[in-house]
């Protein structure tokens, strides 16, 4: 049984405190994987971090991702 080597850096999505929250201020440049339609992104606060909801305006496809605040990650 082969073991995969551990990554040198943590690749989880993490919220870091910044002076101005710049997420969600730019136009979404990605396209829907189903119909290639335009996407809309909505970011909302959740306990321990944020949730990002991405929705296709044409066909209704959606994806949700969660980000965790950096001070809540185990060392």
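Every number here is computed from the coordinates shown, using simple stated rules; none is lab data. This one's a predicted model, so the numbers in the text were calculated from it and none came from an experiment.
Structure above, values below:
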read-out: Full-stretch length increase - residue 51, residue 68 - with 0.36 nm per residue and alpha-carbon distance subtracted; value: 5.2 nm
read-out: Relative contact order (%) - criterion: Cα under 8 Å, at least six apart; region: the range 28-68; value: 33
read-out: Value of Rg/Rh across the range 28-68 [Cα atoms, Kirkwood radius]; value: 1.04
